[in-house]
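Single-structure report; data block below.
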Amino acid sequence: MSKYSEAFKLKIVNEHIEKKYGAYYLANKYNIPRTTVKEWIMQYDAFGHFIPPIQHYTTEFKLKVLNYQQENKLSDSQIMIEFRLPHRTLVKSWRKAYLEGGLSKISSPKGRPLKMPKSVIPDKPREEWTKDEELAALKAENLYLKKLWALIQQENEQKKAKEKENSELSEN
């Protein structure tokens, strides 16, 4: 989901076109980044609408974009228009990832994994567990309890610090 609505973007672009306001003025007026306003204006000028965000681009597409940019010595903004990308920062992030880690870095998906990791607790009655399965389940339980205990301790320390702060304020 986009941070700004299509109607809001259109309102700003229309002010740019009709009232001849510049990107700098509009950015200050609406308290948004100037580069964002410039991107909207460029997209609207080029296509007559705004490019919707796509959640996933293939590794081949990313490489194609980066190679094209390198061969033709184009800016990120020019590439954004050429390949109909929603933001110029996409190209920047792909280039940075490629320079840092090569092909493997731009092909790895970001964000939360699609599947939850497999549980160490077997999906059968406890009486049928092997010694290894029981040991793994006990280790997982132990780890969970340690984390829970650490959170409780942290919460208690925060409460004590808050009480101490409140008592110091009430004394003054």
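The values are calculated or read from the model by the stated rules, or taken from the named source; none is laboratory data. None of these values were measured; they are calculated from a predicted model. When we count neighbours, we look across all protein chains shown, and the Cβ atoms used for this are built from the backbone with ideal geometry, even at glycine.
Exactly one residue out of ILE121, ILE81, ILE106 is surrounded by 10 or more Cβ atoms within 10 Å (Cβ to Cβ), modelled with pLDDT of 90 or more and in contact with a helix residue (DSSP H, G or I) (Cβ under 6 Å, 6 or more places away or on another chain): that is ILE81. VAL13 meets the conditions (1) surrounded by 16 or more Cβ atoms within 10 Å (Cβ to Cβ); (2) touching a residue at least 40 places away in the same chain (Cβ under 8 Å); (3) not charged (D, E, K, R) in every case but one. The failed one is (2).
Within the span defined as the range 111-124, one or more residues are touching a Phe, Trp or Tyr at 6+ places or on another chain (Cβ under 7 Å) and outside any helix (DSSP H, G or I).
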